[in-house]
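Here's the structure, in C-alpha cells; my notes come after.
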Amino acid sequence: MGSYPPPPGNDAVSGTHRATSPNTDDDTGSGDEPLATPGKPRRRVGVVVAISLLSAALIGLGVGLTFTFLDLQRAVALIEEQQQELEEQRELIDQKETFSQAATEMMAAAAVFDGLPFSTLVDRRYHETLIERGWTHRWNATVLRHDIDDVRAETAVLAELAAEAATEGASNASGTYYEEITDQLGRGFVTTALDAAPCGQEAWGCVSGDDPFTVYYDHAGTVDEPYMTDWIRAGVAYHEYAHVLQFMNPKQTDAALESFNDNVEHMADCYALTFLEGWTLDHRVWVGSYTYWDISVGYGYVCDSGQRQVIRDWVASLTYDHQPIAQ
Ligand SMILES: [Zn+2]
C-alpha cells in the first residue's frame, strides 16, 4: 500500500495551510471580510494625507492670499497717504511762492512813495507785521492764503493812492492858482477844496486832522476878491501845506514845535517865510492909482533865523525812506 499516494489529508494538512492561504489564513485575525483586502487601508491613508496636505496647502494659500491682500491694502493706503502729503507739500510750496511774490509786489508799491514828506502815509510797521505773519504761517497753507489776501489788499490800497495822486497832480480841475500850487507842493497827494465851510469866518484856508490831505480855501474871500493876488494865494497855500506836513508827521512835528512854543500857526507861517522866497506877512495891494489894500496874512509873528533853521531841519526829517523788509 506503499504505492498509494499519501493521503491528501496529510499533505493537505500542511499543504492546505499554504494552498488555501487566502481563505484559511485565520491566524491574522478573525477571518471576516475586511481582512480580505489588506491594501485598501494603506491607499486611504495616502488620500487622507494627500487631502490633508492639499487642505493645508489651500489654507496656506488662503492665508497667504489674505496676507498679500492686506499688504496690498496697506500699500495702497500708504501710497494714498504719501500722495496726499505730496499734494499738501506742493500746495504749501505754491502758497509760499505766492506769498513771497505778493510781498514783493507790496514792497514795490510802497517804494513809489520813497522820498515823499509824509512819514505816516506808508504804514511800514503794518508791512512788517504782514511779512512776519507770512513767515510765522509758512507751514500752514490755509492761513497763508489769508495772509496773501491781506498783502494784496494793502498793495491795492497803495497802488490806488499812487494812481489818484498821479491823476490829481496832472490835472487842475478847479482851474485855480490855489489848486496849481497845492498840486505842486503836495505832489498830487493833497486835494484842493474851494469851500471855507470847515474853517470858520476868519480863516482864508484850513486843514482838518480828520482829512489831512485836503486843503480848504475860502473861495469867496480869496479867489474872487480884488485885493487877492497869486502872490498872496501862494503864501496862503504854503501856510496850509505846512499844516498838512504837521498832521502827516506828528512825531517830528512835536519836536519842532518846541521852538515855536507849541504854536502850530506860527510854525506854519515860518514854513512859508522859510521856503517861499521873498514872502512877508504884510502886503500893500494897489487896486487903482490912489487905492490900495493893506493885507495881513498869517498870525503876526515873523520867525527868526534860528526858527527857520528848525523848519529846514524839520522838513529834511519828514522823508519816507523806503527800505526792504527781510522775509
Ligand atoms: Zn493855519
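Rule-based calculations on the coordinates, nothing more; no lab input. Note that the coordinates shown come from a computational prediction; the quantities given were computed from them, not determined experimentally. FYI the Cβ positions are ideal-geometry reconstructions off the backbone, even for glycines, and counts take in every protein chain you see.
Value of Rg to Rh for region 126-167, rounded to two decimals, is 1.14; Kirkwood radius and Rg both from alpha-carbon coordinates. Annotation: amide H-H contacts under 5 Å for Thr191 (H modelled 1.01 Å from N, sequence separation of 5 or more, or interchain): Thr214, Val215.
With 17 Å as the cut-off, how large is the P(r) tail for region 140-237, expressed as percent of Cα-Cα pairs?
Working: 2779 of 4753 pairs.
Every Cα pair in region 140-237 considered, those over 17 Å come to 58 percent.
Taking one quarter of the surface of the C-alpha convex hull of region 176-318 gives a mean projected area of 8.5 nm².
Any idea what the dipole of region 45-168 comes to, in debye rounded to 20, about its Cα centre with Lys/Arg Cβ at +1 and Asp/Glu Cβ at -1? Walk me through the numbers on the way to the answer.
Numbers: 9 positive and 21 negative charges, 144 e Å.
Dipole about the Cα centre, nearest 20: 700 debye.
The radius of gyration of the Cα set in region 256-327, together with its Dmax, comes out at 17.7, 71 angstrom. A crude spin-label estimate for the pair Ala77 and Ile325, with each label 7 Å from Cα along the Cβ direction, gives 4.5 nm.
Listed by Cβ neighbour count within 10 Å, with the fewest neighbours leading, Leu144, Leu245, Leu53 appear as Leu53, Leu144, Leu245. By the Kirkwood approach, averaging reciprocal distances over each pair of separate Cα atoms, region 45-168 gets a hydrodynamic radius of 19.4 Å.
Neighbours of Ile148 by Cβ distance under 15 Å: Lys/Arg scored +1, Asp/Glu scored -1, total -4.
Annotation for region 231-327: chymotrypsin sites (Phe, Trp or Tyr not before Pro) lying in DSSP loop with at most 11 further Cβ atoms inside 10 Å of their Cβ are Tyr290. Note on Cys206, Cys270: ascending count of other Cβ atoms within 10 Å places them as Cys206, Cys270, the fewest first. Applying both filters, DSSP loop and at most 15 other Cβ atoms within 10 Å, to the GluC sites (Glu not before Pro) of region 114-221 gives Glu202.
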